[in-house]
1. Could you list, in sequence order, all residues of the range 56-80 that are part of a helix (DSSP H, G or I) and surrounded by fewer than 17 Cβ atoms within 10 Å (Cβ to Cβ)?
2. Does LEU242 satisfy being among the aliphatic types (A, V, I, L, M) and more than 19 Å from the chain's Cα centre (by Cα)?
3. Being small (Gly, Ala, Ser) and modelled with pLDDT under 95 narrows it down to one of ALA4, ALA64, so name that one.
4. Could you please find all residues in the range 160-207 being under 23 Å from GLY252 (Cα atoms) and aliphatic (A, V, I, L, M)?
5. Quick one: in the range 248-287, of everything that is out of contact with any Leu (no Cβ under 8 Å at 6 or more places or on another chain), over 26 Å from GLY124 (Cβ atoms) and surrounded by 13 or more Cβ atoms within 10 Å (Cβ to Cβ), which residue is modelled with the highest pLDDT?
6. Could you tell me whether any residue of the range 30-47 is surrounded by fewer than 18 Cβ atoms within 10 Å (Cβ to Cβ) and in contact with a strand residue (DSSP E or B) (Cβ under 6 Å, 6 or more places away or on another chain)?
7. Of the conditions (1) touching a Ser or Thr at 6+ places or on another chain (Cβ under 7 Å); (2) at pLDDT 95 or above, LEU175 fails just one. Which one is it?
8. Being over 23 Å from ILE229 (Cα atoms) and surrounded by fewer than 16 Cβ atoms within 10 Å (Cβ to Cβ) is true for just one of ALA111, ALA152. Which residue is that?
Amino acid sequence: MSSASPETAIWDALRGVIVTRAVAIVADLRVADALGDSERRVDDVACEVGADAETLYRLLRALAGDGIFAERAPRVFANTPSSDVLRNDGWRDFAHLFGGVWLPAIGALDASGRPTFEDLQGTGFWAWLAAHPGERAAFDRAMEQGWEDRLARLQSVSWRDEETVVDVGGGNGSLLLALLDRRPGLRGIVFDLPETVRDESAFGDRCVFVAGSFFESVPAGDAYVLSTILHDWDDASASRILRTVHAAASPGGRLVLLEATIEPGNAPDGTKWLDLLMLALFAGRERDEAQWRGLLWDSGFEIERLEDGVIEARCR
């Protein structure tokens with residue numbers, strides 16, 4: 001249990017939106033890159049990144065109070081392990097999205113149960129991404145972040161040589177390509193929207209990209225991977241995706257979901273906050289174990305394993 005006073009706990013919660021925007025500003029300016037491994041005067045950094053020196057100082061001073069950057073001497077800053085993360089494309093893009101186009105949607109969230117993104121932008125999130133290639137590329141880079149953990153979870157599955165693995169909503173293919181690199185007996189298909197940013201020249205001769213919508217059809221395969229896909233959708237839409245997979249799968253076909261499961265109790269859990277982001281953006285949701293079991297059963301699958309962020313199921 002936190003030793004902070006009740007008032008401090010509420011203050012820290014209320015100021016969260018300011019922290020989000022501050023991190024996004026310095027991420028977009030690439031301040032962490034400008035600092036590198038050295039200590040630098042904020043005036044010099046501001047000149048390099050094209051910012052007002054006093055405003056940048058106030059941003060860095062505030063963030064340093066939370067361990068994001070450190071003021072080593074008056075107006076002299078250095079990176080910390082936390083700000084170093086912003087030198088990584090994926091986390092920099094997450095900061096850009098959270099403090100950019102996602103922020104108004106989160107700010108407009110209410111208790112109606114309705115997503116807010118479409119009302120603010122005039123179109124749904126996926127259509128908006130398709131119309132903004134730069135933001136789509138940022139989103140794809142952000143989604144690639146944490147691939148090592150997802151790969152470790154995928155490797156915990158008992159794969160069989162000669163299987164064709166279909167990564168449904170597989171983005172640029174980085175996750176499936178990493179799995180194929182470690183399992184030379186597998187073949188792969190990356191399936192995603194045609195506008196997905198990708199380098200097919202890196203796919204080699206054991207993997208192909210197939211464009212399409214998972215609401216309409218998916219390629220035939222032996223096993224289907226959906227990595228953090230279904231949490232983007234409400235139950236009706238998620239079931240539609242699963243039924244599309246079920247229709248393409250062979251009898252007894254395998255399904256592997258890389259998804260979080262909300263745990264009961266009051267322990268801090270980032271998944272519970274991510275659940276609210278999913279609601280604001282597109283009426284998606286995170287799910288607890290009972291909800292996962294019900295969704296998959298109703299869509300024609302039976303769960304065989306649910307642990308450590310991996311759900312394995314088979315067609316019934």
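1. Listed by number, the residues that qualify are ARG58, ARG61, ALA62.
2. Yes.
3. Within the list ALA4, ALA64, the selection yields ALA4.
4. VAL165, VAL166, VAL168, LEU176, LEU179, LEU180, LEU186, ILE189, VAL190
5. Of everything passing the filter in the range 248-287, ARG254 is modelled with the highest pLDDT.
6. Yes - at least one qualifying residue is present in the range 30-47.
7. (2) is the only condition that LEU175 fails.
8. Matching residue, one of ALA111, ALA152: ALA111.
The values are calculated or read from the model by the stated rules, or taken from the named source; none is laboratory data. From a predicted model like this one, the values you see are computed outputs, not experimental measurements. Note that each Cβ is placed from the backbone with ideal geometry, even for glycine, and that neighbours are counted across all protein chains shown.
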